Every structure is written in structure tokens, then in C-alpha cells.
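Here's the structure, in C-alpha cells; my notes come after.
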Amino acid sequence: MDPIFEVNLDRAAIPSGGASRALYLQLKAAIVDGRLRLGAKLPPTRHAKTFFGVSRNTAAEVYERLQHDGYVVARHGSGTYVADVLPASPFRAERRANDASDRRLNPFWLQPEVTRAINFWRDTSEHLPSTAANEIDFRPAMVQSRLFPFDVFRRSMVKQLRQLEQRPASRRSPQGDQGNPYLRESIARHIALTRAVVCSPDDIVVTSGAQQAFDLLARVLVKPNKTVVAVEDPGYPPMRVPFIAAGARLVPVEVDAEGLIVDRIPPATDVVCVCPSHQFPLGVTMSKRRRDALIEFARCRGAVIIEDDYDGEFRFDGIPLEALRNSDFADVVFYVGTFSKCMLPALRLGFVVAPDWALPTLITAKNSMDWQCSRLVQISVSDFIAEGHLERHIRKMRQIYRKRRQALLAGLKEHLDEWLEPQPSFYGMHVAALAHTALDLDRVADALVQRNVMIHTLSRYHLGQPAKAGLVFGYAVTDLTEIDRGLSLLRAAISA
């Protein structure tokens with residue numbers, strides 16, 4: 001089948017003499033400026049007269065030159081395509097530089113630290129050639145999606161699609177929508193069972209993942225140039241950006257073996273962001289002494305707490321630990337949860353359990369961003385939870401993650417005890433390990449990329465200057481043999 005070719009070439013500028021050079025320049029310009037997208041198929045040379053007004057031989061000559069210069073690739077038996085990666089172009093670099101300095105753009109989003117924080121999960125390793133057979137991924141917050149019961153969830157989706165097909169169009173206004181009521185009821189039951197969070201479905205606002213939840217909270221809680229927000233350091237970089245964008249002043253607060261050091265929170269702080277159950281990325285659990293002190297701080301100072309409980313469903317040791325948000329502290333704690341870790345990141349569903357006094361404003365802000373999250377996805381997830389599938393999936397993944405966690409800890413002790421000390425952690429899908437001595441772990445991580453091993457250093461999570469070097473080991477997408485092989489490669493890289 002011939003491709004649709006809608007690029008408007010200037011036929012008048014392609015003379016009979018010198019047609020090859022003129023066509024080459026026009027096609028090259030169309031590729032460089034993006035009118036011919038990466039991977040686009042070019043017309044076959046047998047139709048050169050129709051598309052270009054030149055002979056087949058001339059078109060073949062032009063294609064050959066474009067291929068030699070790296071702008072197109074020829075696929076035997078298929079045709080000629082624009083290359084997926086183009087050679088360096090001064091024109092493209094100049095255009096990017098001009099875009100980045102355009103005065104019409106809000107300068108906040110041009111700051112390198114903002115771009116770096118939002119692009120936190122974009123690794124250089126993702127651009128290197130690799131195969132699934134030899135890739136080892138130790139990055140945290142990854143989810144083993146291939147073990148998800150897609151067949152079960154697919155049936156829920158199909159059932160809801162059939163019901164939507166038969167249901168008449170809704171006359172209800174989207175204004176005031178805080179999420180599907182059935183989903184909010186399912187969420188309330190789920191977090192009461194797994195995290196001891198007692199709340200009503202009316203206390204919940206459904207969001208497009210945890211990131212939108214952070215953005216919503218920043219919009220409703222921050223007064224530009226006045227609000228002080230304390231964040232854990234090290235912590236989750238993308239969470240910081242919405243608060244800075246809203247005009248808050250961020251203050252990094254150190255984390256130790258008991259969690260956030262409450263005594264170091266500035267007295268003028270208005271908002272405190274914490275991961276008390278499984279601190280990200282260190283993995284420590286906030287002690288009861290610190291939890292009580294944090295609540296007392298919020299009550300005495302008129303501050304609020306944002307509790308990020310991103311993977312609290314996965315507990316492996318110790319006694320069950322309740323979330324910070326309970327009925328006694330419901331007036332000062334915003335609880336943020338997500339289905340990205342316990343189900344699938346692709347669902348883009350999260351939620352906020354909010355105090356009564358903040359709900360109307362939070363719903364208004366949510367409706368300002370989008371009227372509602374996908375109704376089909378919401379109802380399907382609700383059905384998935386209500387029928388017990390989520391609980392069964394979590395139980396299954398706990399066993400798998402527990403075995404991988406045990407293998408990781410055993411491997412760290414066997415292969416890397418000389419250099420790294422794992423931090424105590426009873427929850428989640430990753431383990432952090434601090435260096436005993438001064439090590440250039442950024443160099444080690446870069447070296448591992450060349451061996452198809454992806455891992456994060458602790459330095460990339462810090463807002464201030466790191467006190468210690470360390471590595472963060474995610475084990476959600478690495479099987480037992482990959483864990484052992486990856487740790488052996490890590491030992492070799494440190495020893496080099």
C-alpha cells in the first residue's frame with residue numbers, strides 16, 4: 001500500500017537541470033523541520049513522477065544520498081523511511097535554543113532544576129540499545145505489569161462498556177464531580193483494610209495519579225510568596241515542582257533512621273510533605289515518637305500534613321503500621337494514595353482523602369484541571385476492587401516481592417557488604433543502601449549503564465547537598481537470577 005504523502009514540495013524550484021540536488025534539499029529540509037516525521041515512509045521511486053515530478057532514477061539517487069547522510073533508511077522489501085534518529089543539525093539546535101529563550105514562555109518552566117525534577121524518571125540508559133534478555137532494571141517505583149491479571153480486568157472493562165452502550169446519555173453536569181461514587185466507596189473500604197484509614201467516600205477526591213494530587217494540593221494550599229513547604233531530603237523530586245510552581249518556598253528537612261527530623265522543621269512552615277510508612281527513597285519508617293511530634297507541630301502551628309502513601313500495601317515484616325491519617329488527625333492530614341503501584345501505572349488513577357474544610361475548594365480545583373478522570377476506568381477499577389481481585393493481586397505480589405527482597409538483601413550482604421549497608425525497611429518495592437566509605441557511585445552507575453544495568457544513586461533524590469553516598473535498589477521488575485547477576489556486575493564496577 002502506497003503511503004499518504006502530504007508534504008507540499010515546491011515543484012517550480014526543482015528544475016530539469018539539477019533536479020537531484022533541489023529535491024534532496026527540499027526533502028532534507030522537510031525531515032529536519034519535522035514536516036516529515038521520524039519513521040515516516042517515503043513514496044516508492046516508481047511513483048516519483050507523480051509525487052516529485054522527477055524520474056525514477058533521479059528519485060533513487062536522492063534517496064541514496066539521504067541514506068548516506070543518515071536522514072533515511074532503506075528496508076529491504078518494504079521501502080524507504082525517515083530515520084528514527086537524525087544526524088546532528090545546527091538548524092535543530094538553533095531552533096531549540098530559540099524556543100528555550102522565548103520571552104512568551106513562563107520562565108519558571110525553563111529553569112534547569114525544574115526540568116530536571118520533572119524529567120526525573122528519564123534515564124540516559126533508556127536511549128541505549130538493549131534487549132529484554134540481558135537488561136537488569138534496579139530502578140525504584142517500577143511495576144511488574146506482566147504479572148497483573150489483565151484477563152480479569154479486561155472482563156471488568158468489557159462489562160462496563162456494555163453497560164455504557166445501553167445507558168442513556170447522562171444529563172448530570174460535570175461540575176462538582178469528585179470521582180465516581182462506586183470507586184470512592186471501594187477506595188474507602190480498601191484503605192481501611194490495608195492501611196487502617198477510616199474515612200467516608202465523601203472525603204475522597206479521585207485524581208489522575210498521585211502527581212495530579214500533589215498539583216491540586218499545591219493549588220489550594222499555597223499562597224504565592226508566603227507559604228513555606230517542608231519536604232523530606234532526600235525525597236521525591238517531581239512532587240516538589242507543583243509547590244514551587246504555585247509560589248511556595250521549599251525547605252529541605254533531613255531524614256534519619258526514624259524518618260523526618262521534626263525538630264528541624266522551621267517554625268514558620270505551613271505544609272509538611274512526608275512518606276511516613278516507607279520514606280522515598282531511604283525506605284525508613286517514621287517512628288511513633290516522630291509521628292506524635294509531627295501531629296503536635298501541625299496542631300500548634302496551624303500547619304497541614306500531606307501524607308504520601310505510594311506503596312503501603314506491600315508490608316513484609318514487623319507489625320501492621322497504620323497510616324498517619326486516622327480519625328483523630330483527619331483535620332490536619334491530607335492522605336494521597338495511588339493505584340500505580342498496587343495495580344498499573346497506565347491506569348493513571350490516584351486519590352486524596354481530605355479534611356472536610358478543604359473538600360469544596362479541592363473539588364473546584366480538580367474540575368478546573370479536568371471535569372473528571374476516565375469514567376470507564378474508574379468504574380472498572382471499582383468493579384475490580386469490589387470483587388476481591390485487587391486484594392488477591394496484592395497478596396500474590398507480596399509473596400513475589402518478599403522473595404525478591406530477601407534475595408536482594410542476601411546478595412548485598414554476600415557481594416557488597418564491604419561497601420554498602422542496606423537501610424532497615426519493612427514496606428514497599430525498593431531498598432536503599434548507604435556507602436560505608438567515600439565512593440563515586442555516580443561513576444559506578446554510569447559504568448553499569450554500559451552493561452545494561454539501570455540503577456539510581458541517592459544523590460539524584462536530594463534537594464540539598466547529600467550527606468552520604470548511596471544506591472537505591474528497586475526489585476519489582478527484576479527476577480531472582482537478574483538480582484544475583486546485577487549485584488555481581490555492581491561489585492565488579494565498584495572494584496574497578
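Hand me the list of helices (runs of 4 or more DSSP H) wholly inside the range 140-233 holding 2 or more residues that are over 30 Å from residue 460 (Cβ atoms) and within 25 Å of the chain's Cα centre (by Cα).
Counting at least 2 such residues, we get 150-166, 181-195.
From the list 262, 332, 253, exactly one residue is without any contact (Cβ under 8 Å) to a residue 24 or more places away in the chain and either surrounded by 22 or more Cβ atoms within 10 Å (Cβ to Cβ) or in contact with a Lys or Arg (Cβ under 9 Å, 6 or more places away or on another chain) (or both). Which is it? Before the answer, list the steps.
Numbers: 262 fails: without any contact (Cβ under 8 Å) to a residue 24 or more places away in the chain; 332 fails: without any contact (Cβ under 8 Å) to a residue 24 or more places away in the chain.
Just a single option satisfies the conditions, and that option is 253.
Test residue 68 against the stated conditions and say whether it is surrounded by 14 or more Cβ atoms within 10 Å (Cβ to Cβ), modelled with pLDDT of 85 or more and in the same structural domain as residue 83 (by TED's automatic domain parsing).
On the way: surrounded by 14 or more Cβ atoms within 10 Å (Cβ to Cβ): no; modelled with pLDDT of 85 or more: yes; in the same structural domain as residue 83 (by TED's automatic domain parsing): yes.
Judged against the criteria, residue 68 is not a match.
Please determine whether any residue of the range 267-276 is of a type in the set (Asp, Glu), surrounded by 17 or more Cβ atoms within 10 Å (Cβ to Cβ) and closer than 26 Å to residue 427 by Cβ.
No, the conditions are met nowhere in the range 267-276.
Given the options 292, 356, name the one that is of a type in the set (D, E, K, R), exposed (fewer than 15 other Cβ atoms within 10 Å of the Cβ), under 18 Å from residue 188 (Cβ atoms) and modelled with pLDDT of 90 or more. I'd like the intermediate steps shown before the answer.
Details: 292 fails: under 18 Å from residue 188 (Cβ atoms).
Only one candidate qualifies: 356.
When the range 341-364 is examined, which residues are found to be hydroxyl-bearing (Ser, Thr, Tyr) and free of Cβ contacts under 8 Å to residues at least 60 places away in the same chain?
The answer is 364, and nothing else.
Residues that are aromatic (Phe, Trp, Tyr), under 18 Å from the mean Cα position of the chain (by Cα) and modelled with pLDDT under 95: does the range 234-243 have at least one?
Yes, the conditions are met somewhere in the range 234-243.
Of all residues being surrounded by fewer than 18 Cβ atoms within 10 Å (Cβ to Cβ) and either in contact with a helix residue (DSSP H, G or I) (Cβ under 7 Å, 6 or more places away or on another chain) or among the β-branched types (Val, Ile, Thr) (or both) in the range 305-321, which is farthest from residue 375 (Cα to Cα)? Just the residue, please.
319
Quick check, is residue 189 within 30 Å of residue 429 (Cβ to Cβ), at pLDDT 90 or above and surrounded by 11 or more Cβ atoms within 10 Å (Cβ to Cβ)?
yes
Give the residues of the range 439-468 that are assigned to a loop (DSSP other than H, G, I, E, B) and surrounded by fewer than 21 Cβ atoms within 10 Å (Cβ to Cβ), sorted by residue number. Spell out how you get there, then give the answer.
Residues of the range 439-468 assigned to a loop (DSSP other than H, G, I, E, B): 439-440, 450-452, 455, 462-468.
Hits for the range 439-468 are 439, 440, 450, 451, 452, 462, 463, 464, 465, 466, 467, 468.
So which of 316, 334, 329, 351 is more than 16 Å from residue 427 (Cα to Cα), of a type in the set (Phe, Trp, Tyr), at pLDDT below 90 and not assigned by TED's automatic domain parsing to the domain that holds residue 142? Explain how you work it out, then say what you get.
On the way: 316 fails: more than 16 Å from residue 427 (Cα to Cα); 334 fails: at pLDDT below 90; 351 fails: at pLDDT below 90.
Only one candidate passes the filter, namely 329.
Identify, by number, the condition in (1) over 36 Å from the mean Cα position of the chain (by Cα); (2) in contact (Cβ under 8 Å) with a residue 24 or more places away in the chain that residue 42 doesn't meet.
In the conditions (1) over 36 Å from the mean Cα position of the chain (by Cα); (2) in contact (Cβ under 8 Å) with a residue 24 or more places away in the chain, residue 42 misses (1) alone.
Just to check your reading of the model, which residue among 281, 252, 266 is touching a strand residue (DSSP E or B) at 6+ places or on another chain (Cβ under 6 Å), farther than 23 Å from residue 361 by Cβ and part of a strand (DSSP E or B)?
252
The values are calculated or read from the model by the stated rules, or taken from the named source; none is laboratory data. The shown structure was predicted, so the numbers you read here are calculated from the model rather than taken from an experiment. All Cβ positions, glycine included, derive from the backbone under ideal geometry; neighbour counts span all protein chains shown.
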